[in-house]
Each structure stands twice: as structure tokens, then as C-alpha cells.
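Below: the structure, in C-alpha cells.
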Amino acid sequence: MLYHVIVTGKCNLRCRYCGGDWPGKPGEIDVSLLKRFISRDPEAGISFYGGEPLLALDLVERIMDEVPARYWHLQTNALLLHELPDEYLHRLDTILTSVDGDKNVTNHYRGKGVYEAAIRNARNARERGFTRDLVARMAVSDHSSVYDDVTHLLFLEHDGRRLYDHVHWQLDVFWSAPGTWEEVDFDSWLQEYNKGVTRLAGLWLDWMRDGTVLGIAPFQGVMHTLLTGKPSGLRCGSGQDAFAIAPDGTVLACPIGPDWDFLRLGNIREKKPEQLRNTVGLVEPCTSCDILWACGGRCLFANRTKLWGEEGFKKVCQSVRHLVNVLQEIKPEVEDLIKKGRIRLGEFDYPNPNNGVEVIP
């Protein structure tokens, strides 16, 4: 299973759509307890989470030295990525860096100079020999253009190769900071977003015709399901095979809602990994949705809380339905390209293993 270990709740940014620090209780995780807990799961992977986990760099290093995880991921705003020693950098399987598009878009949301620092430190990681999965993890909010922002990051290069292996985006809905959407006609914004998704899928197909499957994570994951016909579970794995561990040892089905009772599953002091699997599931309307097999349920937290009400929830679900429909339309040509040997089915199997990319925006 995958465990998001929250090494600190503190953050060095105050993004417009977030507001800063992780909302749970502060503290520092007991590494000996974490080691005992993780040792019970021979397939355990750890993703360092915050806040900004590199604000607790010493703790990250200690956990990597002492805890027997099979693989390691890091979710970071990348402002301190250059401070991660090479020894630990090269042990990471995935680095998910928060960057929302070009300089103007990213700095609008995240603060002056953030884009420049994040890109500089991503390039620095490549220069220091990091060759594994580097992900641009976007938040798409009221000032975003999904086509422009994704393509900007997708085609950034460094030393003759693409800087980022994959680009993934999450819609800033349900958990956005108060006031984020007050001056926006959300219905109109969503129409433009859907147009951008359609355009992006056309670009993706054009590149496949030339033999390249671009690393657009939402398209890859959903297309793999469409091609194989194998129903997807909740793609992030929350409450099923992915959990978070808070600084005080509390086990959460999802790291973003530590104060919600349905997410709190006990403490690593008394819980065992085998007691956690499939403990929190989806509720309506997802459980009876006709595209649940392809979508997987989008988001456990959103499904359970519906912070924008039933109507708001349904509006966002229409964006998922649009994405699935667009990919269904191009599926026959993708199948033909696979048959011709231009591309391979395995190129759509992403992420494998789970690295924290939720797939469904």
C-alpha cells in the first residue's frame, strides 16, 4: 500500500487556492513507531507530504534511512528541492512538483518568483542525475487555461529531453479557499475548460500518430481503462490501498481532511496495515454512476463531503464525463495505432505503482 507520511504541517507558501499550512495537529512523527508499522507491509511505499515536506528535511532523511519502504515519492513545491542531498534524491521514484502553468499563471496563484524557483530546481534535479519520474502537478483554478498551461509544462525541455515526464492537474473545486470563485461564472468557466480538454486530447492523438504517447496523466490512466475494459477503483487509492499518516500517528483515509471523522482510522500505535485496506468507500451518486468503471469515483473527500452541494458536485462530475467521452471518441484510432505497433498498451498504464497522481482531475 501507499502511505502519505505528513512530516510537517508547515508550508513556506500561501497559495490563493489553499491558504498555507496543513490543517491537522502539528508535531513530529515518531520514526520508531512508523518503522514498526511500515515493517508489517512488505509492499509499502512512502510519499512525503505536507505542508512542505522539505521544511523537515532532516526527518525525511532519517525516515529514508530507517524505514523499510519499497519505494519513495515526494510531493513538494520544489522551492527547497536543491537542498535535498544527491544520496536521497536518487532514491526517489517520483518527484511531484507543484507548478500551475507558465510564469504568469503560477506566480498569480503561488506568489512572485515561485515559478522561476520551481523550474530552476527541477532542472537542478535533472542536472544532478535524477532520471526517474518528474511530475508537474498543477492546480487548475479560476485564472487557468488547461490547454495552455498543460502544454507549456509538457514541452519544457532540459538538456535535450523533456523536463517533466508527466503533467497532471487537479481542479480547484470543493476545497478552494473562500472567495476564489466568487467573481467567476463557473458554468462558463467549465465550458471553456471542457473545450481545452477536447483540444488537448486532439494534440495527444496527433503525437501518438507519430509514435509518442505524451505524459498527460489523466488521459493515460483513463485510456488504459478504456482499452483494457478493466474497471478502475478509486484511482488515488484513498481508503482502499492508500492512506496518510499524520504527525501524531493518526491514520487517515486521505491526507486533506484530518478533521473529518470518516477519514480518521485510528493510530499507527495500535493499527496494523492489514486492518486498513478497503475501510472507507464511496457513496452516492458515484456508486450508481454509469461511468464509475472508467472514472473510479474522482475523489473520496469530495464524494463524502459535497462541499458545494449536490448541484455543484454534479457540475464538476460533468467535466469528468466530458473527459471520458472525449477519450472514448479517440479510442478506436488509439487501438489501431497499438495494433500497428506505433505505440504500446503499456505506455498508458500510469501510475504504476501508485505515486499520488490522482488521475481524475
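Coordinate-derived values only; no laboratory data. On a predicted model such as this, the values are computed, not experimentally measured, just so you know. Every residue, glycine as well, gets a Cβ built from its backbone with ideal geometry; the counts of neighbours run over all protein chains shown.
Quick look at the values:
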| read-out | value |
| --- | --- |
| Segment PHE262-LYS35, extension gain: residue separation times 0.36 nm, minus the distance between their alpha carbons | 79.2 nm |
| Sites GLU192 and GLN275, calculated FRET efficiency, Cβ-Cβ separation with R0 51 Å, nearest 0.05 | 0.65 |
| The chain - mean residue ellipticity at 222 nm from DSSP helices (-39,500 (n - 2.57) per run, n ≥ 4, rounded to 500) | -11000 deg cm²/dmol |
| Where labels lie 7 Å past Cα in the beta-carbon direction, separation of THR287 and GLU43 in nm | 2.4 |
| Computed lengthening from ASP210 to ASP349, 0.36 nm per intervening residue step minus Cα-Cα distance | 48.1 nm |
| Cysteines in the chain lacking a second Cys C-beta under 4.7 Å | CYS11, CYS236, CYS254, CYS286, CYS289, CYS295, CYS299, CYS317 |
| The chain: DSSP helices with Cα axial extent of at least 24 Å and average Kyte-Doolittle hydropathy no lower than -1.0 | 186-209, 309-339 |
| Charge sum, other residues only, whose C-beta stays under 13 Å from GLY113's C-beta, Lys/Arg counted +1 and Asp/Glu -1 | +3 |
| Among beta bridges that DSSP assigns inside the chain, antiparallel share in %, nearest 5 | 15 |
| Surrounding net charge for GLY50, when Lys and Arg each add one and Asp and Glu each subtract one, Cβ distance under 9 Å | -1 |
| FRET efficiency for GLU157 and GLU87, using Cβ-Cβ distance with R0 set to 22 Å, rounded to 0.05 | 0.25 |
| Of LYS35/LYS306; LYS10/LYS112; LYS25/LYS272; LYS230/LYS340; LYS10/LYS35, pairs whose Cα-Cα distance is over 27 Å | LYS35/LYS306 |
| From the coordinates shown, Rg/Rh (Cα atoms, Kirkwood Rh) corresponds to which of (1) 0.94; (2) 1.02; (3) 0.97 | (1) |
| Peptides ranked, highest mean first, by Cβ atoms within 10 Å: ranges 305-311, 96-102 | 96-102, 305-311 |
| By average C-beta atoms within 10 angstrom, highest first, the peptides 145-154, 187-196 | 145-154, 187-196 |
| Cα-projected label distance for LEU227 with THR131, points at 7 Å along beta-carbon direction, nm | 2.4 |
| Part-to-part distance (alpha-carbon centres) for segment 132-155 and segment 186-208, which is given in Å | 13 |
